[in-house]
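Shown next, in structure tokens, is the structure this report addresses.
The values are calculated or read from the model by the stated rules, or taken from the named source; none is laboratory data. From a predicted model like this one, the values you see are computed outputs, not experimental measurements. Note: ideal-geometry Cβ built from the backbone for every residue, glycine included; neighbour counts use all protein chains shown. Just the protein is used for accessible areas: all its heavy atoms, side chains included, with ligands, DNA and RNA removed. Shrake-Rupley method; radii C 1.70, N 1.55, O 1.52, S 1.80 Å.
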Amino acid sequence: MKRIGLLSDTHGYVDARFATHFADCDEIWHAGDVGSMEVIDHLRLVAPVRAVHGNVDGGDVRRLFPQVMRWRCEEAEIMMTHIGGYPGRYDASIRNQLFDKPPHLFISGHSHILKVQFDPTLNCLHINPGAAGLQGWQTVRTLVRFTVDGTQFRDLEVIELTRH
């Protein structure tokens, strides 16, 4: 079993509460629009970080992190990208990869809208953790924690942070 901390759209904003909420996590996954390496450096003090770059990320983040990642966590196939859409409305840039070999979990960011939805067509869970940074229109910032147990995802928690 692995405990995962998930966030997206930090846009360079580091919040000390990230470390507090992810303290018991084995890994932290960032679904893009990191904004600065300072965010990654802060998260790495807590746990190993996997990340993808987003549309606002500069060369330093893009050199270190791919646009799309696919890996195994426990027995589960994970796929993560920044601009991915959601069940029924997947982005054209990722749709073929999703349908050719559906993962157990598909993670995307970009919309700043928290969404956890099962896609019965792909037999796949989709998570968008919302936005953890201050950039954007959202008034509540969100983080997600969950456990990967084999191919199952359980103990999912949404953590709401006030804007400031």
- [ ] Just flag the GluC sites (Glu not before Pro) in the stretch 68-106 sitting in loop per DSSP whose Cβ has no more than 13 other Cβ atoms within 10 Å.
- [x] E75
Task: Spatial separation of Cα centroids for the stretch 17-34 and the stretch 75-134, in angstrom - done: 18
- [ ] Using the Cα centre as the reference, give the magnitude of the dipole from point charges on the C-beta atoms of the chain (Lys, Arg: +1; Asp, Glu: -1; all else neutral), rounded to the nearest 20 debye.
- [x] 220
Open item on the list: I want to verify the translational diffusion coefficient of the stretch 31-106 in µm²/s; compute it with Stokes-Einstein, Rh as the Kirkwood radius over Cα pairs, at 37 °C and 0.692 mPa s.
Closed with: 247
Open item on the list: Between S93 and I113, what's the calculated FRET efficiency when r is the beta-carbon distance and R0 is 25 Å? Round to 0.05.
Closed with: 0.85
Task: Extreme residue, positive dipole direction of the stretch 31-142, given options C73, P129, N96 (C-beta unit charges) - done: N96
TODO: Find the relative contact order for the chain and round it to a whole percent, using C-alpha pairs within less than 8 Å whose residues are 6+ positions apart.
DONE: 24
Open item on the list: Along the Cα→Cβ direction, 7 angstrom out, place labels at W137 and E38. What is the inter-label distance in nm?
Closed with: 2.7
Task: Accessible area in square angstrom per residue, the chain, 1.4 angstrom probe - done: 45
Open item on the list: Once neighbouring chains are kept in place and the probe is 1.4 Å, which whole percent of the accessible area of the stretch 20-164 is contributed by carbon and sulfur?
Closed with: 49
Task: Helical mean residue ellipticity (222 nm; -39500 (n - 2.57) per DSSP H run of 4+; nearest 500) of the chain - done: -4500 deg cm²/dmol
Open item on the list: Can you match Cα extents along the principal axes in Å to one of these, [x] 39, 32, 30; [y] 39, 36, 34; [z] 43, 32, 31, based on a calculation from the structure here?
Closed with: [x]
